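Okay, so here's the structure we're looking at.
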Amino acid sequence: QPPNAPPPLGDPPPPIKLRIVAADQVYWNEAAQPVSALESLMEVEVQRDPTNQPALQIDTSPDADYGVLAKVLASAKNADMKKIGFVQN
């Protein structure tokens, strides 16, 4: 096997649960985070294994601010996250 061959893909990492609630509150796997910290958190996850990223599962409450969602999606794009989905409750 050539030395530069990518390692075989293992199981996908557990998904990241991102919850957006009212008043600009964002929860990253149940831990409150400022919106400004999300991009660096996402970059860390992508850099662990860019070819086997965790899925980002976004859950928004009905009274969440659309502007916060836009910032979250922009952060995900800037961090090069590939697997983004929305959760409906």
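Restricting region 61-81 to residues that are part of a loop (DSSP other than H, G, I, E, B) and modelled with pLDDT of 95 or more leaves a set whose member that is nearest to Pro14 (Cα to Cα) is Met81. Report whether or not Gly85 is part of a strand (DSSP E or B) and open to solvent by less than 70 Å² (accessible area, probe 1.4 Å). Judged against the criteria, Gly85 is a match.
Yes or no: Ser36 open to solvent by 80 Å² or more (accessible area, probe 1.4 Å) and either among the small types (Gly, Ala, Ser) or touching a His at 6+ places or on another chain (Cβ under 8 Å) (or both)? So Ser36 fits the description; yes. For region 32-60, name all the residues that are of a type outside the set (A, V, I, L, M) and not in a loop (DSSP other than H, G, I, E, B). Matches in region 32-60: Gln33, Ser36, Glu39, Ser40, Glu43, Glu45, Gln47, Arg48, Gln57, Asp59, Thr60. Which one is least open to solvent (accessible area, probe 1.4 Å) among residues in region 47-69 that are more than 13 Å from the chain's Cα centre (by Cα) and closer than 13 Å to Val26 by Cα? The selected residue is Val68. When Ala31, Ala76, Ala22 are checked against the criterion of being open to solvent by less than 60 Å² (accessible area, probe 1.4 Å) and within 12 Å of the chain's Cα centre (by Cα), a single residue qualifies: Ala76.
Note on region 19-29: residues that are of a type outside the set (Phe, Trp, Tyr) and either modelled with pLDDT of 95 or more or in a strand (DSSP E or B) (or both) amount to 6.
The values are calculated or read from the model by the stated rules, or taken from the named source; none is laboratory data. It should be emphasised that the depicted structure is a prediction, and the values quoted were computed from it without experimental measurement. Quick reminder, even Gly has a Cβ in these numbers, built from the backbone with ideal geometry, and neighbours come from all protein chains shown. Only protein heavy atoms, including side chains, enter the accessible area calculation; ligands, DNA and RNA are left aside. Shrake-Rupley method; radii C 1.70, N 1.55, O 1.52, S 1.80 Å.
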